[in-house]
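Heads up: the structure comes next, in structure tokens.
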Amino acid sequence: MAIPRSEYLSEVWKDGIFSNKVVFCTGGAGSICSAQVRALVHLGANACIIGRNAEKTESMAANIATARAGSRVIGIGGLDVRKVEDLEEAAARCAKELGGIDFCIAGAAGNFLSPISGLSSNAFRTVIEIDTIGSFNTLKATLPYLIESAKKNPNNGTNPSTGGRIIFVSASFHFKGMALQAHVSAAKAGVDALSATAAIEYGPRGITSNIITPGPIMGTEGMARLGSRDAEQSGAAFKKVPLGRYGLVKEIADGTVYLFSDAGNFVNGEVLVIDGAEWRTPGGM
Ligand code: HXC
């Protein structure tokens with residue numbers, strides 16, 4: 001069933017701004033990344049989403065395609081971002097079937113709540129491998145296509161349709177440290193550092209690399225997983241959003257559209273925190 005625009009995209013964006021653009025997204029069947037991709041597809045892009053679960057990924061791709069008549073959305077399931085060869089194959093297929101890769105979203109993540117005492121070395125490594133190495137693998141696999149896109153669509157201040165963009169989906173846990181999230185905090189700190197470095201190394205080729213950091217967003221897997229921490233800690237953490245509410249997936253999608261649109265051409269190496277200032281509060285993330 002088609003999801004109404006009001007659930008994944010604000011009215012402010014103009015239809016067609018991403019015509020002829022292709023987005024490659026890991027974790028694309030998840031609640032946040034699917035909204036990001038759905039918004040881009042609505043505005044003209046075609047897409048390739050990657051996931052571990054084949055059925056979930058393929059059915060999400062078909063559902064995202066309903067955002068715009070005539071769109072092409074490929075779902076490649078059964079892939080693991082820990083294997084760079086999986087991603088290289090998927091990127092090659094995306095480029096072959098859709099004509100290239102202009103935008104990349106590295107969104108695949110792994111998370112569970114555990115005190116350091118309950119984390120085995122393998123548990124810690126697993127999250128580093130999914131989040132940090134998985135993001136690196138995604139970057140490695142898509143870079144040749146992003147470079148090509150940036151060459152064809154230069155970010156020179158006058159071109160109205162640029163290409164060669166990457167967004168890593170991160171978290172704010174490591175800004176202050178967070179109980180039960182040592183593994184994810186360490187992993188996401190690495191992702192932030194990777195993005196900043198990519199921004200500097202590939203900026204000269206016209207590529208931008210930025211982070212989006214979602215806060216507590218309603219209806220997401222992250223909230224479902226971290227919700228149990230609330231119960232453990234007397235509900236303290238999520239009650240302190242200065243804006244007085246949780247976020248919406250559409251608010252993450254809007255940030256994504258901004259960074260990939262020409263309005264974001266000169267934004268590079270940045271961290272866009274979309275959390276209503278939750279992390280800045282005492283006891284916040
Ligand atoms: C302690 C745990 C554990 C837990 C797993 N492990 N769960 N340790 N507490 N709750 C340990 C296992 O015992 C094992 O260590 C090691 O982790 C690897 O577990 P596997 O199950 O073999 O790994 P794998 O099948 O690859 O699963 C990875 C996973 C899993 C991260 C553990 O949860 C997963 O695949 N999740 C993917 C989906 C996901 O997490 N999405 C959340 C995204 S939300 P030993 O020593 O026993 O071998 C998000 C938060 C955003 O990122 C927050 C925004 C507010």
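Under a Gaussian network description of the chain, with springs only between Cα atoms under 10 Å, the residue in VAL12, VAL169, VAL81 that fluctuates furthest is VAL12. The Cα atoms of the range 35-92 give a gyration tensor whose axes a ≥ b ≥ c have a/c of 1.5 or more with a/b greater than b/c, which makes the shape prolate. Largest GNM mean-square fluctuation across ILE274, ILE76, ILE200, computed for the chain with C-alpha springs under 10 Å, falls on ILE200. Counting only Cβ charges, +1 for Lys and Arg and -1 for Asp and Glu, the dipole size of the chain around its Cα centre is about 160 debye. Taking amide H positions as modeled 1.01 Å from N, with prolines and chain starts lacking one, the residues under 5 Å from ALA47 and 5 or more places away or on another chain are VAL23, ARG72, VAL73, ILE74. Among the helices of the chain, those built from whole DSSP H runs whose Cα atoms reach 24 Å or more along their own axis and whose mean Kyte-Doolittle hydropathy is at least 0.0 are 182-202. Using θ = phi - 60° in the Karplus curve 6.51 cos²θ - 1.76 cosθ + 1.60, the 3J(HN,Hα) couplings for the range 166-171 round to 10, 10, 9, 8, 10, 8 Hz; x is entered for Gly and Pro. Between the listed residues ALA54, ALA123, SER71, the Cα displaced farthest toward the positive end of the dipole of the range 52-125, a dipole computed from Cβ unit charges relative to the Cα centre, is found at ALA123.
Projecting the Cα atoms of LEU43, ASN137, GLY28 onto the charge dipole of the chain (Cβ charges, centred on the Cα centre) puts LEU43 farthest toward the positive pole. Ordering of 25-34, 59-68, 103-112 by packing is 25-34, 103-112, 59-68, highest average first (other Cβ atoms within 10 Å, averaged per residue). Partnerless cysteines in the chain, where a partner means another cysteine C-beta under 4.7 angstrom, comprise CYS25, CYS33, CYS104.
Every number in this text was worked out from the coordinates using simple rules, so none of it is lab data. Owing to the predicted nature of the structure, the values given are computational and were not obtained by experimental measurement. Here the Cβ is made from the backbone with ideal geometry for all residues, glycine too, and neighbour counts use every protein chain on show.
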